[in-house]
Amino acid sequence: MSTYQGLTYKGLLARGLGAGAVSGLLAGLVGVLVVEAPIRAALAVEQARPAGPGGGHEHGEVFSRGTQVVGGVLAAVVVGVAVGALFATAYAGSRRWFTTKAPFVRAVALSAAAFGAAAVLPAVKYPANPPGVGAADTVEYRTVLYLGLIAAGLVVAVGASALASRLGRLSPPVRATAVALAVVAAVVVLLVAFPATPDTVPSDVPGGVLWEFRLASLAETATLWLGLGVVFGLLVDPATRRAEASAV
């Protein structure tokens with residue numbers, strides 16, 4: 001079985017699943033404590049609209065809001081576990097990068113890069129919207145745009161790491177500057193190339209509620225990704241050191 005600095009892929013995967021469960025739970029708690037308030041405010045606006053084709057409440061709730069909140073936390077844990085498995089796989093495949101850094105630093109750096117590509121970039125182009133914003137008939141189109149931009153952002157992140165490796169002979173400041181400029185150029189191209197969101201914000205949605213929801217949603221995603229890197233690093237770092245010490 002192949003190993004990564006003394007740890008097998010199975011060992012990395014187990015730690016990724018555990019870190020994903022913890023970070024998913026933390027993200028779910030952020031959703032309850034931070035995101036829930038603007039969601040309820042947006043739901044109040046939606047409920048105040050006239051019923052009918054133009055209104056936002058033609059059908060009653062299938063589940064109570066409390067049930068939805070609990071389900072959201074459980075869903076965050078499930079997503080965290082899935083992301084943790086992917087993260088452990090990516091960590092194992094990134095053995096060529098950050099070779100001089102400690103495992104904890106590598107894990108946090110990898111999670112920060114993933115957060116930038118999979119959360120910050122799409123949030124700039126297609127920011128999250130609370131209930132009552134966005135037409136139902138454009139959901140599939142918006143989902144394709146959002147996932148496409150995430151995929152493109154991940155390609156940029158991988159390309160930046162590969163570029164940094166190829167420029168290894170340059171001094172660190174020069175290499176960092178070159179990679180940063182390349183990333184900025186690629187991000188600008190993506191933001192310009194991808195079409196604008198088809199969403200329109202209704203006039204009855206307060207701007208404060210809209211931006212509170214968007215920032216709170218980004219905080220929840222940040223908790224998932226950065227928490228994953230920190231917890232995974234805390235699990236992998238001492239195990240790696242013990243494996244290296246026993247191999248001496």
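The values are calculated or read from the model by the stated rules, or taken from the named source; none is laboratory data. Computed from a prediction, not measured in an experiment: that's the story for all the values here. Here the Cβ positions follow ideal geometry from the backbone for every residue, glycine too, while neighbour counts run over all protein chains shown. Protein only, heavy atoms only, side chains kept; ligands, DNA and RNA dropped before computing areas. Shrake-Rupley method; radii C 1.70, N 1.55, O 1.52, S 1.80 Å.
Here are the numbers:
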{"item": "Residue that is farthest from Leu26 (Cα to Cα) [pool: residues in segment 188-234 that are in contact with a helix residue (DSSP H, G or I) (Cβ under 7 Å, 6 or more places away or on another chain) and of a type in the set (Ser, Thr, Tyr)]", "result": "Thr197"}
{"item": "Test: Val179 is free of Cβ contacts under 8 Å to residues at least 60 places away in the same chain, in a helix (DSSP H, G or I) and open to solvent by less than 60 Å² (accessible area, probe 1.4 Å)", "result": "yes"}
{"item": "Residues of segment 144-182 that turn out to be at pLDDT 85 or above and hydroxyl-bearing (Ser, Thr, Tyr), as a count", "result": "3"}
{"item": "Given (1) in contact with a Phe, Trp or Tyr (Cβ under 7 Å, 6 or more places away or on another chain); (2) open to solvent by less than 40 Å² (accessible area, probe 1.4 Å), number of the condition Tyr146 does not satisfy", "result": "(2)"}
{"item": "Meets criteria (more than 30 Å from Gln47 (Cα to Cα) and not acidic (Asp, Glu)) for Ala113", "result": "yes"}
{"item": "Answer residue from segment 185-199, given it is of a type in the set (Val, Ile, Thr) and surrounded by 11 or more Cβ atoms within 10 Å (Cβ to Cβ) and is modelled with the lowest pLDDT among those", "result": "Thr197"}
{"item": "Those residues of segment 118-136 which are open to solvent by 30 Å² or more (accessible area, probe 1.4 Å) and of a type in the set (Gly, Ala, Ser), in sequence order", "result": "Ala123, Ala128, Gly134, Ala135, Ala136"}
{"item": "Ala119 vs. criteria closer than 30 Å to Thr240 by Cα, of a type in the set (A, V, I, L, M) and modelled with pLDDT of 90 or more", "result": "yes"}
{"item": "Segment 200-216 - residue that is part of a helix (DSSP H, G or I) and free of Cβ contacts under 8 Å to residues at least 60 places away in the same chain and, of those, surrounded by the most Cβ atoms within 10 Å (Cβ to Cβ)", "result": "Leu215"}
{"item": "Residue match in segment 102-115 (condition: open to solvent by less than 60 Å² (accessible area, probe 1.4 Å), without any contact (Cβ under 8 Å) to a residue 24 or more places away in the chain and of a type in the set (A, V, I, L, M, F, W, C))", "result": "no"}
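Matching residues to (1) within 28 Å of Val188 (Cβ to Cβ); (2) in contact with an Asp or Glu (Cβ under 9 Å, 6 or more places away or on another chain); (3) polar (S, T, N, Q); (4) modelled with pLDDT of 85 or more:
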site: His57; (1), (2), (3), (4): no, yes, no, no
site: Val79; (1), (2), (3), (4): no, no, no, yes
site: Leu86; (1), (2), (3), (4): yes, no, no, yes
site: Thr89; (1), (2), (3), (4): no, no, yes, yes
site: Trp97; (1), (2), (3), (4): yes, no, no, no
site: Ala107; (1), (2), (3), (4): no, yes, no, yes
site: Arg142; (1), (2), (3), (4): yes, yes, no, yes
